[in-house]
1. Are any of the residues in the range 226-233 part of a loop (DSSP other than H, G, I, E, B), closer than 28 Å to VAL49 by Cα, touching a Gly at 6+ places or on another chain (Cβ under 9 Å) and in contact (Cβ under 8 Å) with a residue 60 or more places away in the chain?
2. Just the residues that are part of a helix (DSSP H, G or I), exposed (fewer than 15 other Cβ atoms within 10 Å of the Cβ) and either under 24 Å from the mean Cα position of the chain (by Cα) or of a type in the set (Val, Ile, Thr) (or both), please, taken from the range 154-187.
3. Does the range 88-100 include one or more residues that are at positive phi and surrounded by 12 or more Cβ atoms within 10 Å (Cβ to Cβ)?
4. Looking at (1) more than 21 Å from SER223 (Cβ to Cβ); (2) surrounded by 13 or more Cβ atoms within 10 Å (Cβ to Cβ), which is the one condition that is false for ILE35?
5. Pick from GLY48, GLY78, GLY19: which is surrounded by 13 or more Cβ atoms within 10 Å (Cβ to Cβ) and not in a helix (DSSP H, G or I)?
6. With (1) at pLDDT below 95; (2) under 20 Å from the mean Cα position of the chain (by Cα); (3) of a type in the set (A, V, I, L, M) as the list, and LEU68 as the residue in question, which single condition is left unmet?
7. Which count do you get for residues in the range 27-62 that are in contact with a helix residue (DSSP H, G or I) (Cβ under 6 Å, 6 or more places away or on another chain) and either of a type in the set (D, E, K, R) or at negative phi (or both)?
8. Only one of VAL216, VAL199, VAL265 is of a type outside the set (Ser, Thr, Tyr), crowded, with 21+ Cβ neighbours inside 10 Å, assigned to a helix (DSSP H, G or I) and at pLDDT below 95; which?
Amino acid sequence: MLKQRIITAAWLAPLVLAGLFGLEGNAYALFTALIVLLASWEWSNLAGVTTPAWRAACVVAMTALMLLLWLAGGEGAGWLLWLGALGWLVNLYWVTHYPEKKAHWQAPSRRLAMGLWVLLPCWVGFNVLETVGSVWLLFVLLLVWFADIGAYFAGRAWGRCKLAPSVSPGKSWEGVAGGMLATLLLALVFGAWQQLGIVGSSLLVLITLIVTLASVLGDLLESMLKRHRQIKDSSQLLPGHGGVLDRIDSLTAAVPLFALLYPLVVVL
């Protein structure tokens, strides 16, 4: 298993980094769209759609929606980011009330609808960040990675208080605190690097902590859906690593929210 994980990471990491930081414009939008469409295929399974033909139909429907957004030339990006933010508030309610409130979302049609406000705003957020400069795309990627690393080590060392035992028994509040400390330090470094000043750096720290919590929620949401479906991974598309959603679950919440909030930093 470890050997397979290393082999997959060896070709996957350079490919993803080259796509995210080496492509621009329509090529970048197409690259990120492919990632989201692979995630859509997996989401259909999380929604309870198991027939390949119907799962393919879900991907076609998502493709059509993304094509319409692309043809609109970016118009509507703002309201989709707001839709994503509001949708994640709903997701927060469902995650914190699992399994008591699962009747609200367990119907396949409702889980498919959930996928719209999770995946579409994520794609829009990626493209918004690409237009404002790769430095902010780099920041949100590092934010998620720092949050994961900080949570892992803090959780291993001090984890006692369970975060969401019915959803993900391994996560702890101490791990969340460790992740937030790691991303806080990242924000301070970026604030100094970008010469944001006291006000800009303070806003970046505040936004970073909010987005860090959102990234944790993104992880928990997928864990909740997998637990409901009684599956370990969203798919086996990435040997040794599970599926695409398993790799971008935190980003589905972090990217659109950061894309929505970052103008506060650069404007003020």
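1. no
2. Of everything in the range 154-187, those that are part of a helix (DSSP H, G or I), exposed (fewer than 15 other Cβ atoms within 10 Å of the Cβ) and either under 24 Å from the mean Cα position of the chain (by Cα) or of a type in the set (Val, Ile, Thr) (or both) turn out to be ARG156, LEU185.
3. Scanning the range 88-100, I find no residue that is at positive phi and surrounded by 12 or more Cβ atoms within 10 Å (Cβ to Cβ), so the answer is no.
4. (1)
5. Just a single option satisfies the conditions, and that option is GLY48.
6. Answer for LEU68: the failing condition is (2).
7. Looking only at that region, the number is 21.
8. Answer to the selection: VAL265.
The values are calculated or read from the model by the stated rules, or taken from the named source; none is laboratory data. Because the structure is predicted, anything quoted here is derived from the model rather than measured. Please note: Cβ atoms are built from the backbone with ideal geometry, for glycine as well, and neighbour counts cover all protein chains shown.
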